[in-house]
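Chemist: I'd like to ask some things about the structure below.
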Amino acid sequence: MKSWHIAVIGKGMIGSAAARYLAEAGCQVTLVGPDEPSDFGNHPGVFAAHYDAARITRRMDRDPHWAAWATASISRYSDLEARTGLRFHHPVGFLAAACGGSDLIDAMLACVPHEQAMTPAYDGGCFCLPSSARILHEGSPAGWIDPRRLVQAQTLAAVAAGARVVRLPVWALRPAPDAVRLILDDGSEIRADRVLVCAGAFSGPVGLAPGLPLRAHGRSVLLARVGAELAAEWAGMPSLIRVDPEADLPDIYLLPPVRYPDGAHYIKIGTGSIDHPLDDLESLQRWFREPPVADDAERLARTLFELLPELTDADLRSDACAVTLTPSGYPLIDWVEPDRIAPGRIAVACGGNGKAAKSSDEIGRIAADLVTDRLQDPGLRRLLQP
Ligand SMILES: Cc1cc2nc3c(=O)[nH]c(=O)nc-3n(C[C@H](O)[C@H](O)[C@H](O)COP(=O)(O)OP(=O)(O)OC[C@H]3O[C@@H](n4cnc5c(N)ncnc54)[C@H](O)[C@@H]3O)c2cc1C
């Protein structure tokens, strides 16, 4: 393979994985993107979807492609943990609960070939679910991952394979003879043979991947503080997705007690049922800087107390995050030509659709194959095109 200099923009879940695969394949790699800001309210730059301590991981999915990408990624977690010494995977299991006539369980069973790992008759554990709920349990390795630590591990492994990290945002791409110029926050430039844009929700609004059908949506989450005793009692609690078309929030997910950076344990609940469209850079930045939406938090709290009444008196706080959606529901991994500045030199890997944390290793691997001309499968190419 040619020894291209490839710049990966976005030190997030997909970008850090892609950078690792590119460096391990022998490319000269520069991974360009800022660290997490320390003061969100006054941060003038970009934000990310992985600033949190827990994301659900599971092989079960209602879509066979997402199930395959998750399965491939999960199978490689332990190798990455062993190589970096960073533990990010907690295989406590996963529960899918279908209420109110939802087809979730049938759809999941139809496309995931590991029935042995599942217990269709699991009783719901500590969650208060209606007796009519259909419940499916996926044991280890399903559970949760720490997204910050996974990014840290991918970045560490990329650097060990020779990648360079530049911790600044990129504000523009410009043409150069036989190269692309990246214009950085401090005015400096990087020249690269090829560029892979993995800037998540900011890819379009910043202008690095203009004109693509990527939509950024704000999502709220609620965290309930759990005392040490209850956290110990619930240590084996699985992650949960509950779908109930008749509920106020038809689509919710819940993470078991997880220790956050402040040292306390929190149970987190979130939903795909409340969306806040963020159409431009300013509204995206405002979403992260300003306090979370109080009404979202109230609705999430009501659902949380139904599922876990023990938390009715818990201290609550809410947080804001953003997902990047595509019309297909799949990530968008393809060559692009923003303003035709450098045909054949700029590719994107964006559009996690709110579910790419667990699968980011495989998505990054596929993107690395694309930018090194090794992605041959025409079916996969078509699936990931705009
Ligand atoms: C509330 C919430 C809950 C979720 N829960 C789950 C879950 O349970 N399971 C699951 O699998 N997935 C979940 N997801 C989805 C998952 O977190 C995302 O799909 C994933 O983080 C997407 O990865 P990414 O690399 O595309 O984006 P990000 O992780 O956001 O990374 C993008 C990176 O680009 C950088 N960047 C942006 N602009 C620039 C620029 N101009 N120059 C340089 N760098 C730039 C950012 O700093 C960031 O580091 C959830 C998402 C949210 C918001």
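Read-outs: derived from the displayed coordinates by stated rules, not from any lab. Note that the coordinates shown come from a computational prediction; the quantities given were computed from them, not determined experimentally. With ideal geometry, Cβ positions are generated from the backbone for all residues, glycine too; neighbour counts draw on all protein chains shown.
Chemist: Can you bin the stretch 192-344 into rounded, prolate or oblate? Criterion: square roots of the alpha carbon gyration tensor eigenvalues sorted a ≥ b ≥ c, rounded for a/c under 1.5, prolate for a/b above b/c, oblate for the rest.
Modeler: prolate
Chemist: With +1 on the Cβ of every Lys and Arg and -1 on the Cβ of every Asp and Glu, and nothing else charged, how large is the dipole of the chain about its Cα centre, in debye rounded to the nearest 20?
Modeler: It comes to approximately 1300 debye.
Chemist: Looking at the square roots a ≥ b ≥ c of the eigenvalues of the Cα gyration tensor of the stretch 271-378, which shape do they give, rounded for a/c under 1.5, prolate if a/b is larger than b/c, or oblate?
Modeler: Taking the square roots of the gyration eigenvalues as a ≥ b ≥ c, the stretch 271-378 is prolate.
Chemist: Each residue of the stretch 281-295 in order: what ³J(HN,Hα) in whole Hz does its phi give by Karplus 6.51 cos²θ - 1.76 cosθ + 1.60, θ = phi - 60°, with x for Gly and Pro?
Modeler: The phi angles translate into 4, 5, 5, 5, 5, 4, 4, 7, 7, 8, x, x, 6, 5, 5 Hz.
Chemist: Please report how many Lys pairs in the chain have alpha carbons closer than 23 angstrom, counting only residues at least 8 apart along the chain or sitting on separate chains.
Modeler: Close lysine pairs found across the chain: 4.
Chemist: Separate question: Using alpha-carbon positions, what is the distance between the centroids of the stretch 192-263 and the stretch 297-311, in Å?
Modeler: 17 Å
Chemist: May I pose another question? Taking 0.36 nm per residue of sequence separation and subtracting the Cα-Cα distance, how much length would be gained by fully extending the chain between Ala232 and Asp275, in nm to one decimal?
Modeler: Length gained, Ala232 through Asp275: 12.1 nm.
Chemist: Now for a different question. Using 1/(1 + (r/R0)^6) with R0 = 22 angstrom and r between the beta carbons of Gln385 and Cys111, what's the FRET efficiency to the nearest 0.05?
Modeler: Result of the calculation: an efficiency of 0.50.
Chemist: State the answer as a single residue: which of Pro177, Gly207, Pro37 lies farthest towards the positive end of the charge dipole of the chain, with beta carbon charges of +1 for Lys and Arg and -1 for Asp and Glu, about the Cα centre.
Modeler: The Cα lying farthest towards the positive end belongs to Pro177.
Chemist: Same structure, new question: With +1 assigned to the C-beta of every Lys and Arg and -1 to the C-beta of every Asp and Glu, and no other charges, what is the dipole magnitude of the stretch 154-209 about the Cα centre in debye, to the nearest 20?
Modeler: For the stretch 154-209, the charge dipole is close to 60 debye.
Chemist: Next question. What do you get for Rg/Rh over the chain if you use C-alpha atoms and the Kirkwood form of Rh?
Modeler: We get a ratio of 0.96 for the chain.
Chemist: While we're on this one: I'd like the FRET efficiency for Asp295 and Cys126, computed as 1/(1 + (r/R0)^6) with the beta carbon distance as r and R0 of 35 Å, rounded to 0.05.
Modeler: Calculated value: 0.80.
Chemist: Which whole-number percent gives the relative contact order of the stretch 35-96, counting Cα pairs below 8 Å spaced six or more residues apart?
Modeler: Relative contact order comes out at 24 percent.
Chemist: Over the stretch 1-154, what relative contact order in percent results from Cα pairs under 8 Å that are six or more residues apart?
Modeler: With pairs under 8 Å counted, the relative contact order is 29 percent.
Chemist: In addition: Quick check on the chain: helices-only [θ] at 222 nm, where DSSP H runs of length 4 and up contribute -39,500 (n - 2.57) each and the sum goes over total residues. Nearest 500, please.
Modeler: Result for the chain, helices only: -7500 deg cm²/dmol.
Chemist: Would you work out the relative contact order for the chain, in percent, from Cα pairs under 8 angstrom that are 6 or more residues apart?
Modeler: Value for the chain: 23 percent.
Chemist: Considering only Ala297, Ala67, Val195, whose Cα is most displaced toward the positive end of the charge dipole of the chain, charges sitting on Cβ of Lys, Arg (+1) and Asp, Glu (-1)?
Modeler: Highest projection toward the positive end goes to Val195.
Chemist: In addition: Considering the Cα positions of the stretch 226-308, please state its Rg to one decimal place and its Dmax as a whole number of Å.
Modeler: Gyration radius and largest Cα-Cα distance of the stretch 226-308: 15.0, 45 Å.
Chemist: Please build a GNM for the chain, connecting alpha carbons under 10 Å apart, and tell me which residue among Asp279, Asp334, Asp61 fluctuates the most.
Modeler: Asp279
Chemist: Given the options Ala110, Ala347, Ala18, state which has the largest fluctuation in a GNM of the chain using a 10 Å cut-off (strictly under) for Cα springs.
Modeler: Per the Cα network of the chain with a 10 Å cutoff, Ala110 tops the list.
Chemist: Connecting C-alpha atoms closer than 10 Å in a GNM of the chain, tell me which of Gln154, Gln376, Gln28 has the biggest fluctuation.
Modeler: Of the options given, Gln376 has the highest mean-square fluctuation.
Chemist: Once you put a point 7 Å from the Cα of Leu168 and another 7 Å from the Cα of Thr312, both along the Cβ direction, what distance in nm separates them?
Modeler: Roughly 5.6 nm, to one decimal.
Chemist: Viscosity 1.567 mPa s, temperature 4 °C: give me the Stokes-Einstein translational D for the stretch 1-121 in µm²/s, with Rh taken as the Kirkwood radius over C-alpha pairs.
Modeler: Translational diffusion coefficient: 74 µm²/s.
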